[in-house]
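J.: My structure is below; once you've seen it, I'll send some questions.
Nothing in this text is a laboratory measurement; each read-out follows from the coordinates by a stated rule. Quick caveat, the model's predicted, so the values are computed rather than measured. Cβ coordinates were reconstructed from backbone atoms using ideal geometry, including for glycine residues, and neighbour counts include every protein chain displayed.
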Amino acid sequence: MTQPNDLLAELANIDPASELAQARATRDAATRHAQGSYEVLFSQQESDFPLGERVALAAQVADWHGAEPLRAHYAAHSAFQPLNDTARHQLARDFAQRLTFEPVAAAPDHLQALRDAGWSERGVVTLAQLVAFISFQSRLLTGLRLLQGEESHAGTHSAVAGRWHTADRTASGQIALTAFTQDELGWEPWLAAKPLAEFNADEQALLARFGHSDSDYFRLLARNQPVLEQRTLTDKGIFYTPGGLSRAERELAATVVSKINGCIYCASVHARKASQLSKENDAVQKLLNVAPGAVLSHGQSPRWAADIDFAASLSITPPAARLSQLQALREQGLDTLAQLDLIQSTAFFAWANRLMLTLGEPFLPSDAQG
């Protein structure tokens, strides 16, 4: 049974009695908190990023992703107000376009330009969350429609490994990463993380509950903590649930998306997990070693190749996943729940990569140097 309020079920026209509806009910936490993320982002009444601006940008980002039902939904929102030609709106639109199509092109100067145009630190974080969330939501909608036999023709270009950063130093002068790795990395923000002492007791407790207290990344995202809370619960509902697709393959999907988007940090975390869970270190490293412009599934086992091809095609913009790729997954033994897990794992990293790439960058920790 679908949730009482379930935008994606409505837009994908999911039959409540269908196998897909049952699979989404099995993944109740992911379903509820994907909806919860939407509800928080589009209910906050804040002067630093008004609702009218949010729905206008959401409609634009959904359009760039070829997600027409989603674009129409946001365009019809009662708060919708077209963006104007002010510096504030133009910079936000440019930021959203970059984050949609090539998040690896983000740079510290882009955040400073937003700040100079009047965007607050919280507003910048919320803007990044909104664009990244629509990138997730649109891919999830694409996947749900595919599971019902509806193929989108929005994306037609090939899904190949993307480019990544090649500078040898980070913005602050630390040693940067110029190759994908399974090693543990550090990450530095380009916008100041909120100091722990500036959170109230309840907010500190929530950070501690999720293990976020000491993380610059999460204390930065916690400048809008209600959005971060729903995002974290969505993550846990997608990746830490029993049955369906193996945990190793969910981590594999996260790694594939990170190769498409050029996110070395996310790839390092999730490739390491995929290796640990699958015991297929060489296969994971082969994926990490794929050069920009090359096919990601080359040389992989039939099942992993099917996983990788589908995840890669869903990850490009606009998404280009096809029914034939779903059929290949079925032939490798993935049932509806496992296919849903692959779709959700892939879609979530369209969200995660875009935050990591646009708000900071990885570095080589001092204990890993030499």
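J.: If contacts are Cα pairs under 8 angstrom and at least 6 residues apart, what is the relative contact order of the stretch 158-243 in percent?
T.: Values: 52 pairs, mean separation 17.7, N = 86.
About 21 percent, as a whole number.
J.: Using unit Cβ charges (K, R positive; D, E negative) and no other charged atoms, how large, in debye to the nearest 20, is the dipole of the chain about its Cα centre?
T.: 280 debye
J.: Any idea which of A79, G162, Y38 is furthest toward the positive side of the dipole for the chain, if Lys and Arg beta-carbons carry +1 and Asp and Glu beta-carbons -1?
T.: G162
J.: Return the sequence-ordered ³J(HN,Hα) values of the stretch 192-204 in whole Hz as given by the Karplus equation 6.51 cos²θ - 1.76 cosθ + 1.60 applied to θ = phi - 60°, using x for Gly and Pro.
T.: Values, residue by residue: 4, 5, 6, x, 4, 5, 8, 8, 6, 4, 5, 5, 5 Hz.
J.: Averaging over every viewing direction, what projected area does the convex hull of the Cα atoms of the chain cover, in nm²?
T.: Approximately 17.8 nm², given one-decimal rounding.
J.: Net charge near F218: determine it from the other residues with C-beta under 13 Å of the C-beta of F218, scoring Lys and Arg +1 and Asp and Glu -1. Before the final figure, lay out each step's value.
T.: Working: positive: K194, R209, R219, R223, R231; negative: E203, D214, D216, E229, D235.
Once positives and negatives cancel, what remains is 0.
J.: Quick check: the distance between the Cα centres of the stretch 239-309 and the stretch 186-233, to the nearest angstrom?
T.: 27 Å
J.: Taking Cα pairs under 8 Å and at least six residues apart, what relative contact order does the stretch 7-147 come out at, in percent?
T.: Reported as a whole number, the value is 27 percent.
J.: Could I ask something else about it? From Cα pairs below 8 angstrom and at least 6 apart in sequence, can you work out the relative contact order of the chain, rounded to a whole percent?
T.: 25 percent.
J.: Right, next: How far is it, in nm, from the label point at D335 to the one at R209 when both lie 7 Å from their Cα along the line to the Cβ?
T.: 3.3 nm
J.: Tally Lys and Arg at +1 and Asp and Glu at -1 over the other residues with C-beta under 12 Å from the C-beta of R115: what net charge comes out?
T.: -2
J.: Could you give the nm distance between label points at F101 and D168, where each point is 7 Å from its Cα heading toward the beta carbon?
T.: The two pseudo-label positions are separated by 3.2 nm.
J.: Can you tell me the FRET efficiency between E150 and D202 if r is taken as the Cβ-Cβ distance and R0 is 51 Å, rounded to the nearest 0.05?
T.: Approximately 0.75, to the nearest 0.05.
J.: Could you work out the percent of alpha carbon pairs in the stretch 7-147 separated by over 24 Å, rounded to a whole number?
T.: Across the stretch 7-147, Cα pairs with separations above 24 Å total 33 percent.
J.: Something else now. Take the Cα pairs of the stretch 147-281, get the Kirkwood Rh, then feed it into Stokes-Einstein at 25 °C and 0.890 mPa s and tell me D in µm²/s.
T.: Working: Rh = 17.4 Å.
Taking Rh from Cα pairs, D becomes 141 µm²/s.
J.: With the calculation restricted to Cα positions, what are the radius of gyration and Dmax of the stretch 81-224 in angstrom?
T.: Calculated on Cα positions, Rg and Dmax stand at 18.2, 51 Å.
J.: Need the full-extension length gain, Q81 to N289, defined as separation in residues times 0.36 nm minus the C-alpha distance. One decimal, nm.
T.: 70.4 nm
J.: A follow-up question, please. Run the simple label-point estimate for S301 and I175 please: 7 Å along Cα→C-beta, distance reported in nm.
T.: 3.5 nm
J.: Longest exposed-loop-site-free stretch of the chain, with trypsin sites (Lys or Arg not before Pro), DSSP loop and at most 13 other Cβ within 10 Å?
T.: With a cap of 13 other Cβ atoms within 10 Å, the longest stretch comes to 1-162.
J.: Follow-up. What is the extension gain from D367 to A192, computed as 0.36 nm multiplied by their sequence separation minus the C-alpha to C-alpha distance, in nm to one decimal?
T.: 60.6 nm
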